[in-house]
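Input: a single structure, listed below in structure tokens.
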């Protein structure tokens, strides 16, 4: 029994152990050899990725139903581990340039990834909370990693305070769910509802509060206010990881909890989700236009993308659409993560040692100075906008299709309109890069280049053969 | 059901009343002869200097945290050690893992030089 | 490794996908590492890739023979699964596709080897190794695309290859995009490439229409599915599909009316002319008709139209070939003419005869083109020799010397004996002289035509007469008589890497007829499996002695005539062509290709330009911009503005607008204040969200 328990969590456990070991090992690695730490971290992530892939096709529950292993978790975990690898690839050269190449960075990243992975597998609300804290705490530290720069410290502190605040709502929501159903297990909630022992209003209140707690993590409006400040202040490599990883984990938990535990609340929650999605798309895209700082702009863009994914989630209450909604959201997360790493990679490459070089005007002349980098950035901007031939487009089409088929025409219209709006600020970057004169200075090491090139290549290439990806995400079913 | 809530309510009230009463009684009964030494803040017998609203060195916290970890550790380890011969292998291994994790924390502190008071 | 679902597990069928991947691997190696390789290495890698393809094709043929000719399908990957369009990337290995694979890879390999020498010798090479590398990358890409074309299991996959080879053709015609045949700056070649591409696009449009029609009526594009559904379809549908396909055929296989691109395509390097524009790509149309045999066999009208198009093209192009002076132009028109033979044959339902001619033509026309390339190289070497040991004759440097013009040649058999021998063999094969390959295949077509299609027979017989005549004319002009220029007197034989592939091709051109000798019918029994499997019955081609004798007689007569005109009294430098005196305006017509290009210019291109000018100037600018925008909209707007500004704006709106502006400004400021950086206000926003959600849930 115990063996099976461990098997369900094997990659996470191994990654945790590896991170702890790395923390100690790093103490014996001199400062000028931190490449070793980065390499070991990547090795650990790769090992966990291998173990995760070995879990393909296996299902089961572990630790007395606290965690579950299903195709959905395997896919989300793989995505998280790949995100971790990309983040490590972006980080090393960047940290060295900013003179903050401390070894704890990698351990913290690994801890955070492990927490996120636990989140995707959580079959009990307590584990959801545990995992949330497990991946958030390292992120708070990472956000403040450029210590003693005030921006970064401020980002870390704000993120921590607001994170704690919203985690309070989450735990309160869990308590209410427990009060309503006498259980915290997702499966138990359903049973309680089915047998009629549950108090539905209390359950709805609990679900609403859980939505708040997780909505904070994925930066949904109106729980998004921390995002621009934190994304701007945190070291760019951290932001890249945070933007992708936290979003994947947050949405994974949202999907699992709502699809598995609260299908009965669909009617009540749908208007709320609808409003959240609409507000998020609207505000994220609109405010992004006003930004002149590229990090803030991308922060609002990330808020807007959370809105698009929420749009798919709105359809969760419809039993016919449920699986498609999950698939579409996963697909979009994949597309978003790839593009996200590329775009933040470009931002990191252009960031100066003193933390400057982040204004939009600093990108002027990039098209002439480093054509490849500018071309890559163009691909990412196009993908964010949803223009062919990029993965972003396919993802959006998929999302819109689900939304329309679920009957939320109005929401889809808002989505389309706001993505039209988004073209304005994304393409502005392209315009500035190619049509203005300037002397931008890009510095990257080989891994950094590789991450950007890989993201760009995948963003384009995968969009050409989306069928395989479709079948991949549509196979990612949620199981108890 | 209702009686249960009643009990809880009673406990709540009692819990609040008891300490309040203790404070009240001492306030009522105690003689009041103040002098500066009596009114000064008690801080382990050392005379206070300046205000209490000062910035602390972060080392205090780290030290306190390290202390707390090893202090709490014993709470977990004591029952484990007592029942060691009756425990299944799994629990034994879990205990060892727990100790190892704590040890890793200690090694980390030591290598980072946090154990040296500066 | 590769997902293979061969219907017959035995044999080497699983290798089929490698037909495409091996050239792609060769291409990638040259693309990625080629910069560090020597030219020899690059050429060798590319040739090895093509050679490996040939080996695979042979193995497939062997497996197929072992399987008794039963086709095999190898599914490599899922491709498109949308709605009821279910298409996979499947390789179809049957006798027909294997025959094409053998021709493409076999002839292709020889031409790759030839190109190793040729491309280095080309005057335009100018020590640019990048170009050399690119050439072989394109060639390998072409082989891969051609393999996709012939191995596809559906019309859509075939179309992928069809477009792919079209792209390669475009790239290779325009290979020397920035210079003319002599290496001087010019855009003529890129224009030729564009012409080829556009003419082919017109044809592809037909193909697409055919595919859409098939999908609409049959619900599938997979060959077996289409053929199974076709007999139930109405006659009109079949006719539409087959004629749309014919448009595609006329584009790719250079038939009337879209043939005009092929002569210009000779701008490409000679190996390209041989490989793409003679031996393989242009025969794709013939392959398409043969592949679609079950459709064509359902409509006699369609068959008749195809046969007529082929027959008329064969004759028309042959007459033009008579009037050309460029050695490659003659061969180009000859190719169009011979493609006409093949199209006529498959149109008549004589699939074996058409395919047989396709194979032999691949041999001897590749041989002729490559030999012509060798002749041009020899002339260039002579030119080079003269320029360097220049006898103080500065005249040569100034003069524009065309090494491909037959009027500049003469008596080359002395200077280039090997090239002469192989060229002669090729010419005899093309002329249809016993026992060379062309005799057997052409005769089979004529015999088939004689049976039922008398009109087509006469068209083809006369075309055959012209064929022998222009080839005779060419031989006499190039290799006999006396040297009409200094250059011809100094021409030099080509190196071994060029002559050896020529000799192999010469052997094939001599013996190729053995493939389908009357009575033995090797090719027929081979491809029969494919046709029988889709329900098309082949009638065994019978040897018709009358036809054979009469066509041989005609050919000999034509050769004799050409000797009378060009051999007995050789052309002297500066002389006009003797036919010009005899035929007058008719010959001028042949010389000027019957003014077809000019006709297209006047009828289509100029009209198109007129239309574009009309749309841009008259419609868009004069009407839409000047009149509609400026007058109608702007005028109305100005009127409206005048009305609004005076009575309404000043009195009514101003006050309100000022108030509104203040409001906007204030709300923008307060919006900005929302994002004020204070944690407490951020937390407040979260709390607000919570309150709203909870409030909603309570009220609900």
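Quick note: the coordinates plus some simple rules give every number you see, no bench work behind them. Small disclaimer: the values here were computed from a predicted structure and weren't measured. Backbone-built Cβ (ideal geometry, glycine too); neighbour counts: all protein chains shown.
Using the alpha carbons alone, the radius of gyration of segment A:371-433 stands to its Kirkwood radius in an Rg to Rh ratio of 1.07.
The angle between the Cα long axis of helix C:496-511 and the main principal axis of chain C comes to about 70°, on a 0 to 90 degree scale. Between residue C:545 and residue C:597, the FRET efficiency from the beta-carbon distance, with R0 = 35 Å, is close to 0.25.
Remark on chain C: Rg and Dmax equal 31.9, 111 Å (Cα only). GNM remark for chain B: springs join alpha carbons under 10 Å apart, and the peak mean-square fluctuation among B:32, B:86, B:57 falls on B:32. Summed over all non-identical Cα pairs, the Kirkwood treatment of segment B:2-112 gives a radius of 20.2 Å. Relative to the dominant Cα principal axis of chain C, helix C:327-348 is inclined by about 80°.
Between segment C:22-84 and segment C:229-254, the alpha-carbon centres lie 30 Å apart. Each helix, a run of at least 4 DSSP H residues, gives -39500 (n - 2.57); summed and divided by the residues of chain C, these come to -21500 deg cm²/dmol at 222 nm. When only alpha carbons are used to place a centre, segment A:41-108 and segment C:132-204 end up 46 Å from one another. Between residue A:359 and residue C:451, the modelled labels are 8.5 nm apart [label points 7 Å from Cα along Cα→Cβ].
Averaging 1/r over every pair of different alpha carbons in the protein assembly as shown and inverting the result gives a Kirkwood radius of 37.0 Å. In summary, the convex hull built on the alpha carbon positions of segment A:2-474 has an orientation-averaged projected area of 20.0 nm².
Here the calculated FRET efficiency for residue A:33 and residue A:445, from their Cβ-Cβ distance with R0 = 22 Å, stands at 0.90, rounded to the nearest 0.05. Counting Cβ atoms of other protein chains within 10 Å of each residue's Cβ and taking the mean over peptide C:687-699 gives 6.
Summed over all non-identical Cα pairs, the Kirkwood treatment of segment C:169-319 gives a radius of 16.4 Å.
With the gyration tensor restricted to C-alpha atoms of segment A:343-468, the semi-axes of the equivalent ellipsoid amount to 30, 17, 11 Å, longest first.
When each of C:530, C:510 is scored by the number of other beta-carbon atoms lying within 10 Å, the sequence from fewest to most is C:510, C:530. Diffusion coefficient of segment C:1-123 by Stokes-Einstein, Kirkwood radius over Cα pairs, 4 °C, 1.567 mPa s: 82 µm²/s. Mind pulling the angle between the C-alpha long axis of helix C:417-431 and the longest principal axis of chain C? Nearest 10 degrees, somewhere in 0 to 90. With both axes taken from Cα atoms, the answer is about 80 degrees. Listing C:343, A:402, A:238 from fewest to most neighbouring C-beta atoms within 10 Å gives A:402, C:343, A:238. Other protein chain C-beta atoms within 10 Å of residue C-beta, averaged over B:97-108: 2. Each principal axis of segment C:68-133 carries a Cα extent, and these read 54, 35, 13 Å when sorted largest first.
Segment B:75-103 and segment A:184-232 have Cα centres spaced 36 Å apart. Going by neighbour counts of Cβ atoms within 10 Å, the residues A:33, A:436 line up, fewest first, as A:33, A:436.
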